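One structure is given here, and the rest of the page talks about it.
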Amino acid sequence: MAPYRVDRRECDRVAFDAEVEVLHGQELLSPARAFDLGEGGLRMDLVTVPTDAKITVFLVVSSVEGQPPKTVMIEGRVAWRRLKASGVRFVGISEADRRLLRSFVQRQSSLLN
């Protein structure tokens with residue numbers, strides 16, 4: 001019997017290939033690469049931080065068409081780690097930034113459909 005995997009994501013995610021900056025405590029870690037992004041979290045290639053560690057992620061997201069991109073600061077926790085990736089669950093994000101991420105994900109999803 002094949003293993004059963006439950007997807008615990010509450011929000012949709014879209015492809016997001018961009019460099020993000022990560023703070024663990026006061027330490028700025030090497031730039032990480034994010035592979036997907038959603039309103040509730042992201043997947044990135046940083047695996048040096050332990051599971052459940054609190055981190056701060058800085059990422060640049062395009063806002064409404066014609067507006068300049070915005071840097072978003074998000075508090076997160078490392079939810080899981082694998083050989084070459086980590087999952088981050090967002091635990092602290094302003095409502096304005098959450099709306100920006102939601103809008104970004106919706107725009108990217110509509111491009112795929």
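Quick check: net charge around Ala34, other residues with Cβ under 9 Å of its Cβ, Lys/Arg +1 and Asp/Glu -1?
Working: positive: Arg33, Arg43; negative: Asp17, Glu19, Asp36, Asp45.
Net charge around Ala34: -2.
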> Based on the Cβ-Cβ distance of Lys84 and Ser63, what FRET efficiency does E = 1/(1 + (r/R0)^6) give at R0 = 22 Å, to the nearest 0.05?
Replying inline: 0.15
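Using only alpha carbon pairs under 8 Å that are at least six residues apart, calculate the relative contact order of the chain and give it in whole percent.
After rounding, I find 23 percent.
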> Net charge near Ser86, counting Lys/Arg +1 and Asp/Glu -1 over other residues with Cβ under 10 Å of its Cβ?
Replying inline: +3
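Gain in length, Arg98 to Asp52, computed as 0.36 nm per residue apart minus the alpha-carbon separation, to one decimal in nm?
Values: separation 46, 0.36 × 46 = 16.56 nm, distance 2.14 nm.
So the extension gain works out to 14.4 nm.
Which of the GluC sites (Glu not before Pro) across the stretch 15-102 are loop residues per DSSP, with 12 or fewer other Cβ within 10 Å? The partial results should precede the final answer.
Details: sites: Glu19, Glu21, Glu27, Glu39, Glu65, Glu75, Glu95; in loops: Glu39, Glu65.
For GluC sites (Glu not before Pro) across the stretch 15-102 that sit outside H, G, I, E and B with at most 12 neighbouring Cβ atoms in 10 Å, the list reads Glu65.
Here, each number is a calculation from the coordinates, and none is a lab measurement. Computed from a predicted structure; not experimentally measured. Cβ sites come from the backbone with ideal geometry, for glycine too, and all protein chains shown count toward neighbours.
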